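Notes to accompany the following structure.
The values are calculated or read from the model by the stated rules, or taken from the named source; none is laboratory data. Predicted model, so just to flag it, every value in this text is computed and none were measured. Note that each Cβ is placed from the backbone with ideal geometry, even for glycine, and that neighbours are counted across all protein chains shown. Quick note on the areas: whole protein, heavy atoms, side chains included, nothing else; ligands and nucleic acids left out. Shrake-Rupley method; radii C 1.70, N 1.55, O 1.52, S 1.80 Å.
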Amino acid sequence: MDFPSALKTRRTRRRMSQLELALRAGTTQRHVSFMESGRSTPGRAMVVRLAESLEL
């Protein structure tokens, strides 16, 4: 599974909106949307913040 699909799957399993994930990870809803669609590739620090926000 590629990163965009995995991110969306994990977020929806946690019943979290893009906005809620963005606020927890310290980014914008638009950036989360772009990462989920594959339009943006997150750096290592963002991946760590997303993982912590999703409690992985």
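Return the pairs, sorted by first residue and then second, in which the second residue is not in a helix (DSSP H, G or I), the first residue lies in the range 1-19 and is among the hydroxyl-bearing types (Ser, Thr, Tyr), the beta carbons are less than 8 Å apart, and the residues are 6+ apart or on different chains.
THR9/MET1
Could you grab me the full set of residues in the range 32-46 that are in a helix (DSSP H, G or I) and in contact (Cβ under 8 Å) with a residue 12 or more places away in the chain? If you could, list the steps in order and put the result at the bottom.
In the first step, residues of the range 32-46 are kept if they are in a helix (DSSP H, G or I); the result is 32-37, 44-46.
Listed by number, the residues that qualify are VAL32, SER33, MET35, GLU36, SER37, MET46.
Do we have MET16 as aliphatic (A, V, I, L, M) and part of a loop (DSSP other than H, G, I, E, B) here? Break it down stepwise before answering.
Details: aliphatic (A, V, I, L, M): yes; part of a loop (DSSP other than H, G, I, E, B): yes.
The answer is yes for MET16.
Restricting to the range 18-40, give me the number of residues that are closer than 11 Å to LEU54 by Cα and open to solvent by 50 Å² or more (accessible area, probe 1.4 Å).
In the first step, residues of the range 18-40 are kept if they are closer than 11 Å to LEU54 by Cα; the result is 20-22, 24-25.
Filter again for open to solvent by 50 Å² or more (accessible area, probe 1.4 Å), leaving 20, 24.
Looking only at that region, the number is 2.
Return only the number of the condition from (1) at pLDDT 95 or above; (2) open to solvent by 60 Å² or more (accessible area, probe 1.4 Å) that LEU56 does not satisfy.
Unmet for LEU56, out of (1) at pLDDT 95 or above; (2) open to solvent by 60 Å² or more (accessible area, probe 1.4 Å): (1).
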